[in-house]
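Working notes for the structure below.
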Amino acid sequence: MNDSRTILKNSPVSCFADEIDPSVDRQTALMEELGIGWVEFRSGDGKGVADYTEEEAERLMRRLEEKKIRVSAVGSPIGKIGIGDDFEPHLEKLAHVMRLAKIWDTPYIRSFSFFIPEGEKPESFRDEVFRRMDRMVELAARENLILLHENEKEIYGDLAPRCLELMENFGGANLKATFDFANFVQCGQDTLEAYEMLKEHIAYVHVKDALFDGGRVVPAGQGNGRVKEILTRLDAAGFSGFLSLEPHLADFAGLSGLEKNAALRGRSDTEAAFVTAYEALEKLLRG
């Protein structure tokens, strides 16, 4: 329990540590400094997560254990291909990612619902999206794992109504929702409306915020994502899932002003951006 918080005291903070640095050593060093004990592993040491072999995954697990860091979810790219792309090799990739998840002792695998061709109506591809989702969820059920569907821009499940449609058809023990504030904002979706539609299905949260005007990502609480309001509602509902920090602040216009002394503290720009994002989240949780 985090006694410094006023909300979500039982929700661990995780992160996409590859936004700190490509090097796993540098990732874990800053995580240790900030007291973050979980990682949503997406990439490290020059390799994307799905390209890790099982032997490399075992070595990484030992390195993380030495730092007392655990894997909250596999930050996989599953479902992040075009709806017209060949699906069978992708399903094989999912099977491989599931083996990695078991090595890393996490039930959670980030997933998506396929990019829709630009200018086309997502509803035109509903049957094929559903066919693929059905097979993915079936495989997750067979392996007793959980796919976390992220609302990503330009995929079938980008807006809340289609996310809900996926949950109503496939949600349950093996498919749950990740709620990403900034992605909804960048799609023009009101996040509070999205929360009310999806609240029964949310098992995981990606913490980043954005502005409706231009879609620029900003620290949590400084955009149009209504982050504090929704975190408060999650707290009232008894949510205790992960809050996974995904800063996306490398090009944040206000970063230089917020972290003027980063270089003096020996931090790179990306490390400074990550610290800014972490401090913004902690401020929201403290009230």
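Derivation of every value follows stated rules applied to the coordinates shown; laboratory data play no part. Bear in mind that the values here come from a model prediction, so they are computed numbers and not experimental data. With ideal geometry, Cβ positions are generated from the backbone for all residues, glycine too; neighbour counts draw on all protein chains shown.
Structure summary
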{"quantity": "Every residue from region 169-204 that is surrounded by 24 or more Cβ atoms within 10 Å (Cβ to Cβ) and either in contact with a Phe, Trp or Tyr (Cβ under 7 Å, 6 or more places away or on another chain) or aromatic (Phe, Trp, Tyr) (or both)", "calculated": "THR178, PHE179, PHE181, PHE184, VAL185, THR191, ALA194, TYR204"}
{"quantity": "Selection status of ASP213, surrounded by fewer than 19 Cβ atoms within 10 Å (Cβ to Cβ), farther than 28 Å from HIS96 by Cβ and acidic (Asp, Glu)", "calculated": "yes"}
{"quantity": "From ALA160, ALA140, residue being surrounded by 17 or more Cβ atoms within 10 Å (Cβ to Cβ) and within 22 Å of CYS187 (Cβ to Cβ)", "calculated": "ALA160"}
{"quantity": "Unique residue being of a type in the set (D, E, K, R) and touching a residue at least 40 places away in the same chain (Cβ under 8 Å) when the list is GLU143, GLU168", "calculated": "GLU143"}
{"quantity": "Residue match in region 79-93 (condition: in contact with a helix residue (DSSP H, G or I) (Cβ under 8 Å, 6 or more places away or on another chain), without any contact (Cβ under 8 Å) to a residue 60 or more places away in the chain and under 28 Å from PRO12 (Cα atoms))", "calculated": "no"}
{"quantity": "Count - residues of region 17-34 that are in a helix (DSSP H, G or I), among the hydrophobic types (A, V, I, L, M, F, W, C) and surrounded by 18 or more Cβ atoms within 10 Å (Cβ to Cβ)", "calculated": "4"}
{"quantity": "When residues of region 37-59 are limited to those that are touching a residue at least 40 places away in the same chain (Cβ under 8 Å) and in a helix (DSSP H, G or I), the one surrounded by the fewest Cβ atoms within 10 Å (Cβ to Cβ)", "calculated": "GLU54"}
